[in-house]
């Protein structure tokens, strides 16, 4: 770790950003530093919370404020009072050793309202929901949630192929298409995943699930509304 103060690497270690040799060196430091161990315990939940951020919300963070140039900040998100209180508690525990890597990740999580824990995370209620079942038993259900940047898709499937790569495609009413999400087939034939598309909900004409050969396995036609 050269001349770097080991205390400053706690955030990078927590997020898995250290090289193996540096990680081993930092773990030896943990063995003799009670403060770092205590701080690591306080922040251990952060990676799991970041993993819970839906891809669609991550896309939303990249939407620039109208009228500003490329690279402008995303539209600010209102932070609940309860979230601020929770963050204050965590910061008192962590004190002054938030490093840049951890600080950036925490800022992203804060913007999405996840640092206060699962009680603040409520799944968005779909504005429209569609399902289809094929003769072979394949089942696909898609919930559509209107967003300012496009549409979020809550996808659930059962009796799906157990090999290959699956993808979900959104077709708009002008004939264009966009891949909303993709996943590797699971041994159980089940999947639950969140997708995102810039196509507005009212402009969606159909949703297709395809295999790695781009064959259509399921088709949902969305009525014009």
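The values are calculated or read from the model by the stated rules, or taken from the named source; none is laboratory data. In this text the structure is predicted, and so the values were computed from the model without any measurement. Cβ: placed from backbone, ideal geometry, glycine included. Neighbour counts: every protein chain shown.
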Response to the item:
Counting only residues in segment 168-217 that are touching a helix residue (DSSP H, G or I) at 6+ places or on another chain (Cβ under 8 Å) and part of a strand (DSSP E or B), the one farthest from residue 152 (Cα to Cα) is identified as 172
Item to complete: Go through the residues of segment 152-162 one by one and say whether even a single one is outside the structural domain of residue 43 (by TED's automatic domain parsing), in a strand (DSSP E or B) and surrounded by fewer than 14 Cβ atoms within 10 Å (Cβ to Cβ).
Response: no
Worksheet item: Which of the residues belonging to segment 176-212 are over 13 Å from residue 150 (Cα atoms) and touching a residue at least 40 places away in the same chain (Cβ under 8 Å)?
Response: 181, 194, 207, 208, 209, 210, 211, 212
Worksheet item: From 137, 143, which residue is without any contact (Cβ under 8 Å) to a residue 24 or more places away in the chain, part of a loop (DSSP other than H, G, I, E, B) and either assigned by TED's automatic domain parsing to the domain that holds residue 213 or touching a strand residue (DSSP E or B) at 6+ places or on another chain (Cβ under 8 Å) (or both)?
Response: 137
Item to complete: State the number of residues belonging to segment 186-210 that are surrounded by fewer than 17 Cβ atoms within 10 Å (Cβ to Cβ), in contact with a strand residue (DSSP E or B) (Cβ under 6 Å, 6 or more places away or on another chain) and under 23 Å from residue 160 (Cα atoms).
Response: 3
